[in-house]
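To start, the structure itself, in structure tokens.
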Amino acid sequence: MNLRGTWTLFKRETHRFLKVNMQTIAAPALTAILYLIVFRYAMGDRQVPGMNVDYFTFLIPGLAMMTMLQNAFANTSSSIIIGKVMNVHIYLLMAPLSAMEMVMAFLTAAVLRAVIVATVFLLVLTPFVDLSIHHFGLIMVYGVCGSIIMGGMGLIGGMWSENFDSMSMVSNFIILPLTFLSGVFYSIEQLPPFWQTVSHFNPFFYLIDGFRHGFLGVGDSDPWLSIGIVAGFALATVLTCWYLWRIGWRLKE
Amino acid sequence: MTSPVLSVNQLCKAYSNGKEALKGVSLSVPEGSFFALLGPNGAGKSTLINIMADTVLPTSGSIDFLGHDMFSERLWCKGNMGVVPQEVAFDPFFTPREVLSMVCGLYGQKPDMKWINELLERLELAEHANKNTRQLSGGMRRRLLVAQALVHRPRLVVLDEPTAGVDVELRKRLWEYMREINASGTTILLTTHYLEEAEELCDHVAIIDRGNVIASSSMKKLLHEVAGSYLWLRYRDDWELAATDVEALSEFNPRIDDGLLCLTLNRIDLQQSTFHHAYESARLRFGPPLDAGVCQEDLEDVFLRLTREQII
Ligand SMILES: Nc1ncnc2c1ncn2[C@@H]1O[C@H](COP(=O)(O)OP(=O)(O)O)[C@@H](O)[C@H]1O
Ligand SMILES: [Mg+2]
């Protein structure tokens, strides 16, 4: 086990985003805050149908989670695609780290970035809103599983892509719609029945719903049951990453 | 006879586009040697090196590295080897000093600052050590890659054209340093297009051409046994051999080099060569030359002759 090597790679992946923290932490947190402000005034004091919360309170955890997911994805995908385009990924391939060690280092750094961005977002809000925490454990489990899943997707997306163009196709046409349409901005109760059913097949729906449950204690699904779905999905993502890295999928000729 | 550090057995590589870059390459690199891997462009040198570096997957064959099977004990092998790939690549987020500490860490070692400073010093990067790698010139980046390959003190260092695009003076100093590294017990395998330098520096050599090894031995042996001598004759400054001339003189493998007609001489026995016969054949065909002489082949001549023979 090359612990020092894994730690070094984790530090590298962490430094990469900390060095440009305006772009990787401040900007996404600000974007989420802007969404919040816009919706606050567009929706007024309206309540979310079927739940005993106002729209503003409902929106906060969803936005926090969406930001986490997008940043976890951005961290791994940008690292891999920059590595591939600049040809520095060969130094990772040459390093004596096993596929599991590589994947672990990448994913932990992605989770760390996601947690930092969400924390910044929530800390900025605390003076202005009354944030309740219903169950901290749920928040952590959903937050971490979600970041692992998206960090893993970023890793796979980065390996699949050949250049920045194909990378941004993946993030704009697959990742963005999935996260936007997963119930950040609405409760699926508000949807027509057909789309309610469809939503149940969107893994991000469970992530955001469970995470929100951790704050508000209300949601569209049972968060304790969904933990199984979410954890299983996270595990499957990790294993897929491990396997793909092991065979050098789209990395080695 | 020293035992090999590396022995490559029947290594084959076919790229996904069907290109067979290695067609059963076997060679062995003795412990402590300074080994030159030579070959024309496209011979497969980088493919072989990249397979060792684990950035290209082999199609078949095996490599034994210090008694470890390279493909089943990958991590051990990677940990004891340092590779400078042909393509210059750099991480734009870090300074040379950070890169070197990081590489140490990836290899599971605590960064040894004294060693890192020595590398920076010797590879003439000390004054750029804290600049962003983006600000380094091409030559500096390549030297940084050399430092990267040495920083974890590997037992085998593999350099794929480390001196391409590096000016003469700097190249000399780089070679000088490589020689020191080699003298301290590290085996070095390198590819280069500077055959004169390879001849001077390296004690072992392999020549590969279109995916096959066409010669592999100690440098001394190659220069003694494979290198022949040739007769050169001056006629006119610019002329070309007609196909019929080549045909007529074919036993001497005739070629024009720098306006001189060159005819390879073979030894009949230790005393006598085919000199007289070659001279007479040329005189009969082209008349008496303005000037003539005999030269011993150096590495470059051997290289050119062997790789040319393959074409015919
Ligand atoms: N990624 C690749 N895909 C297909 N063919 C390749 C690839 N890389 C190299 N080749 C081909 O394999 C042969 C050997 O290339 P290479 O190992 O780079 O030679 P050298 O380093 O000796 O110049 C060449 O014909 C080259 O065109
Ligand atoms: Mg090459």
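FYI, it's all coordinate maths here, none of it is from the lab. Bear in mind the structure is a predicted one, so any value in this text is a computation, not a measurement. Reconstructed Cβ throughout: ideal geometry from the backbone, glycine too, with neighbour counts over all protein chains shown.
Just to be sure I understand: with springs between alpha-carbon atoms less than 10 Å apart, which residue in A:Lys84, A:Lys19, A:Lys11 has the highest mean-square fluctuation in the Gaussian network model of chain A?
Fluctuation is largest for A:Lys19.
Could you work out the relative contact order of the range B:228-296, using alpha carbon pairs under 8 angstrom and six or more residues apart, expressed as a whole percent? List each step's numbers first, then the result.
Values: 96 pairs, mean separation 32.3, N = 69.
Dividing the mean separation by the residue count of the range B:228-296 yields 47 percent.
Kindly flag which residue pairs out of B:Lys45/B:Lys221; B:Lys45/B:Lys172; B:Lys23/B:Lys172; A:Lys84/B:Lys131; A:Lys11/A:Lys252; A:Lys11/B:Lys13 have an alpha-carbon separation exceeding 28 Å in this structure. Intermediate values should be presented prior to the final figure.
On the way: B:Lys45/B:Lys221 22 Å; B:Lys45/B:Lys172 23 Å; B:Lys23/B:Lys172 34 Å; A:Lys84/B:Lys131 23 Å; A:Lys11/A:Lys252 24 Å; A:Lys11/B:Lys13 36 Å.
Distance filter (> 28 Å) returns B:Lys23/B:Lys172; A:Lys11/B:Lys13.
Rounded to the nearest Å, what's the spacing between the alpha carbon centres of the range B:198-227 and the range A:10-46? Just the number, please.
61 Å
Give the dimensionless ratio obtained when the Cα radius of gyration of the range B:4-218 is divided by 2.2 N^0.38 Å.
Scaled against compact globular proteins, the figure is 0.99.
Got a sec to turn the phi values of the range A:218-235 into Karplus ³J(HN,Hα) couplings, 6.51 cos²θ - 1.76 cosθ + 1.60 with θ = phi - 60°, whole Hz, x for Gly and Pro?
Computed from phi, the couplings for the range A:218-235 are 9, x, 8, 9, 7, x, 6, 6, 5, 4, x, 4, 5, 5, x, 5, 5, 4 Hz.
Restrict the search to the range B:96-194; then list the trypsin sites (Lys or Arg not before Pro) that DSSP places in a loop and that have at most 15 other Cβ atoms within 10 Å of their Cβ. Walk me through the intermediate numbers first.
Numbers: sites: B:Arg97, B:Lys114, B:Arg122, B:Lys131, B:Arg134, B:Arg141, B:Arg142, B:Arg143, B:Arg155, B:Arg171, B:Lys172, B:Arg173, B:Arg179; in loops: B:Lys131, B:Arg155.
Here the trypsin sites (Lys or Arg not before Pro) that fit, given the DSSP loop and packing criteria, are B:Lys131.
Sort A:220-228, A:141-149 by packing, meaning the average of other beta carbons within 10 Å per residue, with the highest value first.
Numbers: A:220-228: 16.1, A:141-149: 24.9.
Highest to lowest by the protection proxy: A:141-149, A:220-228.
Taking N as the number of residues in chain A, what value does Rg over Cα atoms divided by 2.2 N^0.38 Å take? Write down the numbers at each step before the final one.
Details: Rg = 18.4 Å, N = 253, 2.2 N^0.38 = 18.0 Å.
Scaled against compact globular proteins, the figure is 1.02.
Per DSSP H run of n ≥ 4, the term is -39500 (n - 2.57); total these for the protein assembly as shown, divide by its residue number, and report the mean residue ellipticity at 222 nm rounded to 500 deg cm²/dmol. Walk me through the numbers before you get to the answer.
Details: 21 runs with 284 residues, N = 565.
That calculation yields -16000 deg cm²/dmol at 222 nm.
Please find the FRET efficiency linking B:Ser184 to A:Ser166, where r is the Cβ-Cβ separation and R0 is fixed at 41 Å, and quote it to the nearest 0.05. Intermediate values should be presented prior to the final figure.
Working: r = 46 Å, r/R0 = 1.13.
Result of the calculation: an efficiency of 0.30.
Name the long-range amide H neighbours of B:Thr274: under 5 Å, sequence gap of 5 or more, or other chain; modelled H, no Pro or chain starts.
B:Asn266, B:Ile268
How big is the equivalent ellipsoid of the protein assembly as shown along its three axes, where each semi-axis is √(5λ) from the Cα gyration tensor, reported in whole Å from largest to smallest?
On the way: eigenvalues 824, 105, 82 Å².
Those come to 64, 23, 20 Å.
Can you tell me, using C-alpha contacts under 8 Å and at least 6 residues apart, the relative contact order of chain B as a whole percent? Mind dumping the intermediate values first?
Details: 533 pairs, mean separation 61.4, N = 312.
Value for chain B: 20 percent.
³J(HN,Hα) across the range B:177-187 via Karplus (A = 6.51, B = -1.76, C = 1.60, θ = phi - 60°), whole Hz, x for Gly/Pro?
5, 4, 5, 5, 4, 5, 5, 7, x, 8, 7
Rounded to two decimals, what ratio of Rg to Rh does the range B:140-195 give with C-alpha atoms and a Kirkwood Rh?
On the way: Rg = 10.7 Å, Rh = 11.5 Å.
On the Cα set of the range B:140-195, Rg over Rh gives 0.93.
Over chain A, what relative contact order in percent results from Cα pairs under 8 Å that are six or more residues apart? Before the final figure, lay out each step's value.
Numbers: 329 pairs, mean separation 70.0, N = 253.
In percent, rounded to a whole number, it is 28.
Go through the range B:205-216 residue by residue and turn each phi into a ³J(HN,Hα) via Karplus (6.51, -1.76, 1.60, θ = phi - 60°); whole Hz please, and just put x for glycine and proline.
Those phi angles translate into 8, 10, 10, 10, 8, 6, x, 10, 7, 10, 7, 7 Hz.
State, to one decimal in nm, how far the label point of A:Arg246 lies from the label point of B:Asp298, with both points 7 Å from Cα in the Cβ direction.
If labels sit at A:Arg246 and B:Asp298, their model points lie 5.3 nm apart.
One quarter of the convex hull surface, Cα atoms only: what value does that give for the range B:5-120 in nm²? Please list the in-between numbers first.
Working: hull surface 35.3 nm².
Seen from a random direction, the Cα hull of the range B:5-120 projects 8.8 nm² on average.
Roughly speaking, what is the centre-to-centre gap between the range A:209-248 and the range B:54-87 when only Cα atoms are used, to the nearest Å?
Using only Cα atoms, the two centres lie 37 Å from each other.
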